[in-house]
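**Q** Handing you a structure now.
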Amino acid sequence: MGLAQILKAEYGDVEVEEAMGLPELTSQAQLDTYITTLETEMREAAKKFEFEKAAKLRDTIKELREKEFLFG
C-alpha cells in the first residue's frame, strides 16, 4: 500500500492524490526524494512571492514528514 492510499484512507473525503499531486511512493528513499523536491519548489515559490503556493507546499511537506514512519 502506497502513501497516497494511506493518506486517502485517513482523509477519506479529500482526493489526496489529486489535491497534492502525490505520486505513488513505496519506500523511504522515494519519500525523502519527493520531500526534497517539494522543499525546492516551496523555496522557488516564495522567491517568486507565490506565498499561497509556498504555504500549501509547506503543509504537504509537514504531512509527509509525519507519515515517514510508515516506511520505517
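**Q** What's the total number of residues in the range 46-67 that are under 10 Å from the mean Cα position of the chain (by Cα) and either among the aliphatic types (A, V, I, L, M) or part of a loop (DSSP other than H, G, I, E, B) (or both)?
**A** So the answer is 4.
**Q** For the range 46-66, give me each residue that is over 20 Å from Pro23 (Cα atoms) and surrounded by 12 or more Cβ atoms within 10 Å (Cβ to Cβ).
**A** Ala46, Glu50
**Q** What pairs come out if I take residues in the range 21-42 that are closer than 13 Å to Glu63 by Cα and pair them with residues that are among the hydrophobic types (A, V, I, L, M, F, W, C) and modelled with pLDDT under 85 whose C-beta lies under 8 Å away, six or more apart or interchain?
**A** Close Cβ pairs satisfying both conditions: Leu22/Leu3; Leu22/Ala4; Leu22/Leu7; Leu22/Val16; Leu31/Leu3; Leu31/Leu25; Leu31/Phe71; Tyr34/Leu25.
**Q** Kindly indicate which of Thr26, Thr37, Thr60, Thr33 is among the hydroxyl-bearing types (Ser, Thr, Tyr) and modelled with pLDDT of 95 or more.
**A** After ruling out the rest, the residue left standing is Thr37.
The values are calculated or read from the model by the stated rules, or taken from the named source; none is laboratory data. Fair warning: this is a prediction, and the values are worked out from it, not measured in the lab. Note: ideal-geometry Cβ built from the backbone for every residue, glycine included; neighbour counts use all protein chains shown.
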